[in-house]
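Notes for the one structure printed next.
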Amino acid sequence: MSEGYFAKVDEKSKFNDILKSIELQETRSLKKLKYNAVKKILLSDIEFQCLLNPISQSNFIYSQYGQFSRIGEKGFLQCIAISNLSTNAQLIAYTGGRTFPLYVSYAK
């Protein structure tokens, strides 16, 4: 079980908007959401950067696992963890069973 700050993603979202939302949550010391990583994906730096913009659209790298990203039995988010092999940065995507992210978290 892990915890993180999640930002809502819509069709106009840009990665910088996501980062600002997460930073604001941290600054305000809001409660982190608990999640489980149901799928872990490792990417090169180039692949990871391509994933970030546009962040709101479906991406073949994780879209096939969207069906597993739902609310778990105990109310925790079931997410897809996507890691950058070069920098260890991690994008956590919650899709709600869709092929595109509804909420994401980011950790360096």
query = Any residue in the range 33-52 that is part of a loop (DSSP other than H, G, I, E, B), modelled with pLDDT of 90 or more and either out of contact with any Pro (no Cβ under 9 Å at 6 or more places or on another chain) or surrounded by fewer than 18 Cβ atoms within 10 Å (Cβ to Cβ) (or both)?
reply = yes
task = Please work out which one of (1) of a type outside the set (D, E, K, R); (2) within 12 Å of the chain's Cα centre (by Cα); (3) not in a loop (DSSP other than H, G, I, E, B) is the condition Q25 fails and give its number.
result = (2)
ask   = Does I18 fit the bill of being assigned to a helix (DSSP H, G or I), modelled with pLDDT of 90 or more and in contact with a strand residue (DSSP E or B) (Cβ under 7 Å, 6 or more places away or on another chain)?
value = yes
ask   = Looking at this structure, is L30 in contact (Cβ under 8 Å) with a residue 12 or more places away in the chain, assigned to a loop (DSSP other than H, G, I, E, B) and on the phi < 0 side of the Ramachandran plot?
value = yes
note = With criteria (1) in contact with a strand residue (DSSP E or B) (Cβ under 9 Å, 6 or more places away or on another chain); (2) in a loop (DSSP other than H, G, I, E, B); (3) without any contact (Cβ under 8 Å) to a residue 60 or more places away in the chain, E11 comes up short on (1)
query = Can you name the condition, by its number, that K74 falls short on among (1) closer than 22 Å to N16 by Cα; (2) free of Cβ contacts under 8 Å to residues at least 24 places away in the same chain; (3) among the charged types (D, E, K, R)?
reply = (1)
ask   = Any idea how many residues of the range 22-62 are out of contact with any Gly (no Cβ under 6 Å at 6 or more places or on another chain), under 15 Å from Q90 (Cβ atoms) and of a type outside the set (A, V, I, L, M, F, W, C)?
value = 9
note = Those residues of the range 53-93 which are assigned to a helix (DSSP H, G or I) and buried (at least 19 other Cβ atoms within 10 Å of the Cβ) amount to Y62, G66
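The values are calculated or read from the model by the stated rules, or taken from the named source; none is laboratory data. If you're wondering where the values come from, they're calculated on a predicted model, not measured in any experiment. Please note: Cβ atoms are built from the backbone with ideal geometry, for glycine as well, and neighbour counts cover all protein chains shown.
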